[in-house]
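Q: To start, I am sharing the structure in question, which I have written as structure tokens.
The values are calculated or read from the model by the stated rules, or taken from the named source; none is laboratory data. From a predicted model like this one, the values you see are computed outputs, not experimental measurements. Methodologically, a virtual Cβ is constructed for each residue, glycine included, from the backbone with ideal geometry; neighbour enumeration extends over all protein chains shown. These accessible areas exclude ligands, DNA and RNA; they are computed on the full protein's heavy atoms, side chains included. Shrake-Rupley method; radii C 1.70, N 1.55, O 1.52, S 1.80 Å.
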Amino acid sequence: RRSLMRELDYEEEAESLRTLAANLNQYPRIQVPQPIDELCTSRVLTMEFVQGKKIGAASAEEKESAGGAALAEELLQAYIQQICVDGFFHADPHPGNVLLTPQGRVALLDLGSVGRLSPPMRELLLRLLLAVGEGRGEEAADLAERIGQPKDKFDEGKLRSAIIDLVAIQHASGSVKESNIGTVVLRVAQEAGDAGMRVPRELTLLGKTMMNLDQIGRS
């Protein structure tokens with residue numbers, strides 16, 4: 001309920017647009033449309049118009065002209081900063097919310113859903129991502145236990161076994177590097193929930209964000 005109410009408060013979304021633009025001002029090819037203050041209320045959000053195409057609808061020629069690989073790298077760096085440094089990130093970068101502009105920039109739309117990470121949570125999530133990506137299952141299991149809150153029927157053995165197996169299988173197949181680490185993070189959250197742990201919203205938001213970001217990067 002809290003998440004939905006925040007998404008429906010357009011004054012809060014307008015403030016998120018301002019914050020993200022300020023945080024990413026050193027990335028010249030990342031654009032965040034700004035609110036038009038005199039035309040905004042809690043029920044109406046008016047932003048600068050951005051001309052562009054959804055990233056998935058852009059032609060191969062348009063992507064090549066924009067310098068696709070370099071643009072994807074800058075977008076990734078911008079998200080690393082959001083998650084690991086700022087602790088405030090655009091949590092819904094699905095292809096409909098990301099435009100390729102005629103100037104070869106990436107525009108991030110729709111900040112109704114944002115993630116906020118405290119410094120301790122930021123460090124734990126970063127360490128979890130590194131452990132998963134590098135195939136360190138025991139460490140990933142330790143960190144998953146620290147991130148969540150155990151309920152009365154929490155089964156520690158079930159959680160550890162599931163996460164160690166998940167990381168080992170993914171790493172052995174090479175799929176962590178070749179496909180989507182966001183999917184693996186969501187699987188970690190699911191296994192933690194199944195084992196009787198209360199999973200923080202931040203973990204599932206981060207997994208969803210990375211899953212969508214991977215799709216954008218490939219495009």
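Q: Do you know which residues across region 8-48 are of a type in the set (A, V, I, L, M, F, W, C) and under 22 Å from the mean Cα position of the chain (by Cα)?
A: 8, 14, 17, 20, 21, 22, 24, 30, 32
Q: Look at region 104-113 and say how many of its residues are over 15 Å from residue 72 (Cα atoms) and either basic (Lys, Arg) or surrounded by fewer than 22 Cβ atoms within 10 Å (Cβ to Cβ) (or both).
A: Number of matching residues: 4.
Q: A further question on this structure: State which residue pairs qualify: first residue assigned to a loop (DSSP other than H, G, I, E, B) and inside region 102-114, second residue open to solvent by 10 Å² or more (accessible area, probe 1.4 Å) and among the polar types (S, T, N, Q) in any location, beta carbons under 7 Å apart, and separation of 6 or more residues or different chains.
A: Short answer, once both residue conditions are applied: 102/51; 104/65; 105/31; 109/97; 110/97.
Q: Here's a follow-up. Tell me the residue from 41, 19, 46 that is in contact with a Cys (Cβ under 7 Å, 6 or more places away or on another chain) and not aliphatic (A, V, I, L, M), please. Reasoning before the result, please.
A: Working: 41 fails: in contact with a Cys (Cβ under 7 Å, 6 or more places away or on another chain); 19 fails: in contact with a Cys (Cβ under 7 Å, 6 or more places away or on another chain).
Within the list 41, 19, 46, the selection yields 46.
Q: Would you check which residues across region 115-136 are in a helix (DSSP H, G or I), open to solvent by 10 Å² or more (accessible area, probe 1.4 Å) and not basic (Lys, Arg) and list them? It would help to see each step written out before you state the result.
A: In the first step, residues of region 115-136 are kept if they are in a helix (DSSP H, G or I); the result is 119-133.
Pick out the ones that are also open to solvent by 10 Å² or more (accessible area, probe 1.4 Å) and you get 119-124, 126-127, 129-130, 133.
Listed by number, the residues that qualify are 119, 120, 121, 123, 124, 126, 129, 130, 133.
Q: Kindly establish whether residue 157 is touching a helix residue (DSSP H, G or I) at 6+ places or on another chain (Cβ under 9 Å), modelled with pLDDT of 90 or more and surrounded by fewer than 19 Cβ atoms within 10 Å (Cβ to Cβ). Walk me through it before giving the result.
A: Numbers: touching a helix residue (DSSP H, G or I) at 6+ places or on another chain (Cβ under 9 Å): no; modelled with pLDDT of 90 or more: yes; surrounded by fewer than 19 Cβ atoms within 10 Å (Cβ to Cβ): yes.
Criteria not met by residue 157.
Q: Assess whether residue 143 counts as being open to solvent by less than 20 Å² (accessible area, probe 1.4 Å) and under 27 Å from residue 93 (Cα atoms).
A: Numbers: open to solvent by less than 20 Å² (accessible area, probe 1.4 Å): yes; under 27 Å from residue 93 (Cα atoms): yes.
Taking the combined requirement at face value, the residue satisfies it.
Q: Identify all residues within region 13-39 that are touching a helix residue (DSSP H, G or I) at 6+ places or on another chain (Cβ under 7 Å) and open to solvent by 30 Å² or more (accessible area, probe 1.4 Å); write none if there are none.
A: Listed by number, the residues that qualify are 23, 27, 29, 34.
Quick grid of which residues meet (1) in contact (Cβ under 8 Å) with a residue 60 or more places away in the chain; (2) touching a Pro at 6+ places or on another chain (Cβ under 8 Å):
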| residue | (1), (2) |
| --- | --- |
| 12 | no, no |
| 25 | no, no |
| 31 | yes, no |
| 43 | no, no |
| 50 | no, yes |
| 68 | no, no |
| 85 | no, no |
| 94 | yes, no |
